[in-house]
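Heads up, the thing below is written out as structure tokens.
Just so you know, all these numbers are worked out from the coordinates, no wet-lab data involved. Since we're looking at a predicted model, the values are computed, not measured. For neighbour counting, all protein chains shown are included, and Cβ atoms are generated from backbone atoms with ideal geometry for every residue, glycine included.
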Amino acid sequence: MGGMATAESYILAIGTKKGLWLATSPDRREWSLSGPHFLMSEVPSIGIDSRGGRTRILVGVRSEHWGPTVFHSDDLGGTWEEPENGAITFPDGTDAALERIWQIHPDAESRPGVVWAGCEPISVWKSTDGGEHFELNRGLWDHPHRSEWGAGYGGAAAHSIVVDPTGEKVHVAMSTGGVYRSLDGGASWEPRNRGISAYFMPDPNPEFGQCVHKIAADAAVDGRLYAQNHHGVYRSDDDAESWESIAEGLPADFGFVMLTHPRRAGTAWVIPLKADGERIPPDGKLAVHRTDDAGASWKRLDSGLPDPEYNAVLRDAACVDEAEPAGVYFGTRGGSVYASADEGEHFSEVASHLPDVLCVRAATVSAALLPMQL
């Protein structure tokens, strides 16, 4: 890729059950793959922080031998650094140890240096130094509901962190526990799950305990959120005070992915799976579904995708970039990764035969920053 003359390029970071791969492209159509980094370690979370004219890749790495931590690279994977005493460490007296980093979320441009993390055991953390050191959010950790939050099939996960432009309003989703909201920047939290079903519990409409799989915010409509639940796809127009179903028109209401457009109102993507007993694309036909009207209708998108395909797509194994038009990316548990440069209308395969894909994240970078070997 050394001959590339374009001012901008694209990078796609792919975290798997067994290492990290990086793909680069001048046009989001032809991709060059490098890796693995962190071979023999699980990479369930990635954040690409492009604020302040720098591109920092943050990865939540989980080694069976060394345990979990956050590594960062400021040279697009050329070198990696880790804080000497670990990036995320439970304080004395909490009687807890970090098991997995499920989410890394760089905050807004207006809050440089702030990076959030969602972890297992269920906890939220905040960094003010670009993701090098994190502090436990005590408001959520000390919440009286915490002892009743459970583990989803994949573990106890605080997997979604949505921060509004002011930084005061923060939504977190966990599996299992549901959606919790803070109106004071994370100091205090309350459950906000009215309308989201928990059919597997004695009370199918509890205050908390829902197995919400992923939430995302509408970038252009204040107070609007979308949720993919363990059975159920929902929208809220009032900051999660209430939720309503938008699953009509989808081939299944189960799945893990929920993505929203970086700029346009009412646009979101899901990747349906057949009921939790099977967890495969419906009829073995893999497809992304997009709504452009906030869930009133859905469009099936499968151009370039394999048929049949029996592998699932996990909650963070999908992302949207901020380019125009928006790019859509996802990877399967069978190790294939797909990219679309036109909001899902057409997909091409970026990589195949990788380990189980756990997380993908994409960003636009200066071509001048790309290492020659990529």
Furthest towards positive pole of dipole, Pro91, Pro144, Gln210, structure part the chain, Cβ charges: Gln210
Using 20 Å bins from zero, what percent of all Cα-Cα pairs in the chain falls into each bin? 31, 62, 7, 0
Per residue, what volume in Å³ does the Cα convex hull of the stretch 257-325 take up? 97 Å³
Run the numbers on the stretch 279-374 and let me know its relative contact order in percent, using alpha-carbon pairs under 8 Å that are six or more apart. 24 percent
About its Cα centre, what dipole magnitude does the stretch 233-363 give when the only charges are +1 on Lys and Arg Cβ and -1 on Asp and Glu Cβ, stated in debye to the nearest 20? 360 debye
Please tell me which of these pairs span more than 22 angstrom C-alpha to C-alpha: Lys18/Lys285; Lys169/Lys299; Lys214/Lys274; Lys214/Lys299; Lys17/Lys214? Lys18/Lys285; Lys169/Lys299
How large is the direction-averaged shadow of the alpha-carbon convex hull of the stretch 30-91, in nm²? 5.7 nm²
Gyration tensor over alpha-carbon atoms, the stretch 230-356, equivalent ellipsoid semi-axes in Å: 22, 18, 12
Kirkwood Rh (inverse of mean 1/r, distinct Cα pairs), the stretch 139-256, angstrom: 14.2 Å
Let me have the relative contact order for the chain, percent, based on Cα pairs under 8 Å that are six or more residues apart. 14 percent
For the chain, with a Gaussian network of springs between Cα atoms less than 10 Å apart, report the residue from Asp292, Asp95, Asp75 with the top mean-square fluctuation. Asp95
Taking only the alpha-carbon atoms of the stretch 53-205, the convex hull volume per residue, in cubic angstrom, is 130 Å³
What does the charge dipole of the stretch 182-274 about its Cα centre add up to, to the nearest 20 debye, if the Cβ of each Lys and Arg holds +1 and the Cβ of each Asp and Glu holds -1? 480 debye
Phi angles of the stretch 211-226, converted by Karplus (6.51 cos²θ - 1.76 cosθ + 1.60, θ = phi - 60°) into ³J(HN,Hα) in whole Hz with x for Gly and Pro, give 9, 6, 8, 6, 10, 8, 9, 6, 5, 10, 10, 4, x, 9, 10, 10
Excluding the sites themselves, what is the longest stretch of the chain that contains no GluC sites (Glu not before Pro) in a DSSP loop with at most 14 other C-beta atoms within 10 Å? 249-321
From the phi of every residue in the stretch 18-27, what ³J(HN,Hα) in whole Hz does the Karplus formula 6.51 cos²θ - 1.76 cosθ + 1.60 yield, where θ is phi - 60° and glycine or proline is x? 8, x, 10, 10, 10, 10, 10, 8, x, 9
Mind putting a number on the dipole of the chain about its Cα centre? Charges go on the C-beta only, +1 for Lys and Arg and -1 for Asp and Glu, and I need it in Debye to the nearest 20. 480 debye
Alpha carbon centroid spacing (whole Å) that separates the stretch 201-235 from the stretch 277-293: 18 Å
HN-Hα couplings for the stretch 50-67 via Karplus (6.51, -1.76, 1.60; θ = phi - 60°), in whole Hz with x for Gly/Pro, come out as 9, 6, x, x, 10, 10, 10, 9, 10, 10, x, 9, 10, 9, 5, 8, 9, x
Between Lys299 and residues 5 or more places away or on another chain, which pairs have amide H atoms under 5 Å apart, with H built 1.01 Å from N, and which residues are they? Arg290, Thr291
Got the relative contact order for the stretch 17-130 handy, in percent, Cα pairs under 8 Å and 6 or more residues apart? 17 percent
